[in-house]
Amino acid sequence: MAPSAEFGANHPSNLKTTLHLSQQAPDTFRQLGKPLVQLSTFNQQGSDDFDTLEKLFFSCIQSADDESALLCLEHLTNRFGSSNEKVMALRGLYDEATAENQARLERCLNNYDDILSRNPVNLPILKRRASVLRSLSRPSDAISCVVQLLDAVPTDVEAWCELAELYHSQGMSPQAIFSLEEALLIVPHAWTVHARLGEISYIFARSLEGEAMSRSLSLSIRHFCRSVELCDDYLRGFYGLALATTPSLVTRIPETSRDGLKKKETIERLHSTALRKLQETLSTQYSRKPHLREYEENELSVVKELLGQSSK
Amino acid sequence: MALQGVEQTILRDPALFYWIVIPITAVMILTGMLRHYATVLMNSPPKPASTLAESRERLTLLRAVNLRNHASAVLSKESFEMRKNYLVSGFQNGAFLKDPNARGQPPANPMTDPAAMEGMMGMMKGNMMMMIPQTLIMSWINAFFSGFVILKLPFPLTIRFKSMLQSGVMTRDLDVRWVSSLSWYFLNLFGLQSVFGFILGSDNAANHMAQQMGPMNPAAGANPFQPGQDPHKMYLNEAENLEVFEHFCILDGIEERILRKYSADQTQ
C-alpha cells in the first residue's frame, strides 16, 4: 500500500494511520470484485488478497466503518465458509464491536461458550472469549480463561502477552513478569517485549524496598538494555532506560547489595548515555517536517519533558 | 570404443527425435503438473488436536524445546531453574500426558488408533502418488521406445557415463555420447525440478525431493509425535536434555556492552 508510506514508520495502533487505511476500503473492494475472489484459489496471489482483506477488516472496525467491515467479513465468509475458526472469530469480533450495551456483549459471550462446547480447541474463539470477559470488566474471569487456554497451548505468544497485560492491570506484577518471560522464550528477539518487561519490572521496583527493589530494578535495566541492543535507536527502550536509571531511584539501592558501588557507577553512565541518545533522537526528529517524523508528537513531547526534568 | 579419432555415425530417422524425445519430455512435464494438483487435492492437513489435553500433550514438548533453545537469551538463573524444575517434574510424573494413567503401558497398536491410521494413510498416499505414475511411465517407455538411440550429446564424456546415458541399450562399442530413450526418461525425471519450479511455483508438490525431505522437519504447530511414538518416552528424553542443559545468561554484562556500543557510536 503505497500511500501509507508517507506516514513513515507509524505504528498500526496509530489512529490516523488506521483511519487512512480504512478509507482505502472502496478501492480494495473495486479491485477485488467478485470474479477475482472466486478465481483466486488458482491465483498465486490469492492468499495475499485475503490477508489484505482481513487487515482492512481490522482497520474498518477500529475506525468505526462498520459497513465496510461487514463487507470484508462477507467476502471472507464466502471464501472460507462460516465454520472456519478464524472467520468465526472475526464474526465474533464484529458482533462485539457493534454491540451497544452490556446485554449484547453477554450474548456474544454465550455464543462463544456455545461454540466452545462443540469444539473445545477453537483457539481464535477462546481468545475472543477472554477479550469479551475483559471488556465486561471481569478481569479475574478473563485471566482464568487465558490461563486455561495457555495450559493447552503453551506456545502462543499472543496469549502470554495478553495474560501479562491482564495481570499487570490487576497489579500482579510478578505474574505479569513471568508471563512476559514465557512470551520471550518463544520470540527471544522481540525488542518490544523486552522493553515491556523492563517497564513492568520498573513499575514493580518502584513499589518495593531494599534488596527486592534493587533486584527488580536491575532486571528492568537489563531488559531495557537488551531492547536497545536488539533495536538501534529504539526510543521507548531508551526512555525506559533513562527512567530506570534515574539517580533518585538508584540512591535507594541499599549499599549492602552485592557490588553496589561499581554498579552505581555503571548505572550513572547508562543514564547519561540514554539521555544523550534521547536528545539526539529528539533533535533529528524535530529537524524534520512533521509528516516525516518517525514518532508521534505526544511521544516526542514526553521525551522532551523527561529531558527537561533531568537537566534541572 | 570405436576407432580413435573417427566420428561414430549412426544413421537415424529424424522422426525419432520428434516422436520420442518430445513426447517423453511432454509426458514427464504433464505428469509432474498432474501430480502436483492431485497431491494438493488429496493432501489432508495434519489433524489439529481435538481436546485441550491433547493439545497440551503435544505443545508442552515444544515449550520445553523453546526453553532449552532460548533460555540463555531471556532468563536469569533463578527463573530458569524454576521453569526447569516445573517442566522436568511434570515430564517425569506424566502431568502433561493426555491420559496420565496410560503411562508406561506399551503403546497401542497404531493399526487400531484411527488418528495414527490417518497419519499413515497420508504418508501412503504421498508415496503412492510418486510410485504409480513413475511405474506407469517407465513401463510405457519400455514398451514403446526401448532400445532407441535418440540423441547425441555435442560434447565428449568418459566411459563412466555409459550406464547413465545408455540404459536399455546393451551395446558395448557405442560411443558414450549417444543417449537412449530410457535414459532420457531418467534425465527428465531428475532434471525437471527447475522447470516445475518455474511453472508451479517453488513449493510445488511435483518436486519429489521436497516430498522426501518433508517428514524430517514437521511444521511448527503440527504434531511433534510421529504415529506410534510414546509421548511419555519423548518427555523423559526431553527432561534429561533439560537437566543437563547448562544455563548462561546473555543479560550478564549487558550494561557494559551497551555502554561500549554507544560510546563507540559517539566517538565516530
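Please specify each residue of the range B:246-259 satisfying the condition of being away from chain A (no Cβ under 13 Å) and either of a type outside the set (D, E, K, R) or within 28 Å of the chain's Cα centre (by Cα) (or both). Listed by number, the list holds a single entry, B:Phe248.
Residues that are without any contact (Cβ under 8 Å) to a residue 40 or more places away in the chain, closer than 14 Å to A:Val302 by Cα and within 14 Å of another protein chain (Cβ to nearest Cβ) within the range A:271-286 comprise A:Leu275, A:Gln279, listed in sequence order. Within the range B:9-20, the presence of at least one residue that is under 34 Å from the mean Cα position of the chain (by Cα) and either of a type in the set (A, V, I, L, M) or at negative phi (or both) is confirmed.
Name the single residue, out of those in the range A:192-232 being under 13 Å from A:Leu249 (Cα atoms) and of a type in the set (Val, Ile, Thr), that is nearest to the other protein chains (Cβ to nearest Cβ). This residue is A:Ile221. Among residues of the range A:182-198 that are under 15 Å from A:Ala159 (Cα atoms), those with a beta-carbon under 6 Å from a residue that is of a type in the set (Gly, Ala, Ser) at least six positions away or on a different chain give the pairs A:Val193/A:Ala183.
Within the range B:135-144, not a single residue is surrounded by 16 or more Cβ atoms within 10 Å (Cβ to Cβ), more than 30 Å from the chain's Cα centre (by Cα) and at pLDDT 85 or above. If the condition is being facing chain A (nearest Cβ under 9 Å) and of a type in the set (Phe, Trp, Tyr), then the range B:29-60 contributes no residue at all.
Remark: pairs (first residue in the range B:61-81, touching a residue at least 24 places away in the same chain (Cβ under 8 Å) and within 7 Å of chain A (Cβ to nearest Cβ); second residue charged (D, E, K, R) and not in a helix (DSSP H, G or I); Cβ separation under 8 Å; 6+ apart in sequence or on different chains) are absent. Screening B:Leu11 with (1) within 9 Å of another protein chain (Cβ to nearest Cβ); (2) more than 26 Å from A:Pro124 (Cα to Cα); (3) of a type in the set (A, V, I, L, M); (4) assigned to a loop (DSSP other than H, G, I, E, B) gives one miss only, at (1). Pairs meeting the criteria (first residue in the range B:106-130 and surrounded by 13 or more Cβ atoms within 10 Å (Cβ to Cβ), second residue modelled with pLDDT of 75 or more and β-branched (Val, Ile, Thr), beta carbons under 8 Å, at least 6 apart or on different chains) are B:Gly126/B:Thr39; B:Met129/B:Thr39. For the range B:63-84, the criterion of being under 30 Å from A:Ile221 (Cβ atoms), in a helix (DSSP H, G or I) and either among the aromatic types (Phe, Trp, Tyr) or at pLDDT below 80 (or both) is met by at least one residue.
The values are calculated or read from the model by the stated rules, or taken from the named source; none is laboratory data. What you see is a predicted model, and the numbers here were worked out from it, not measured in a lab. A quick note on method: Cβ atoms are made from the backbone with ideal geometry, for glycine too, and the neighbour counts reach across all protein chains shown.
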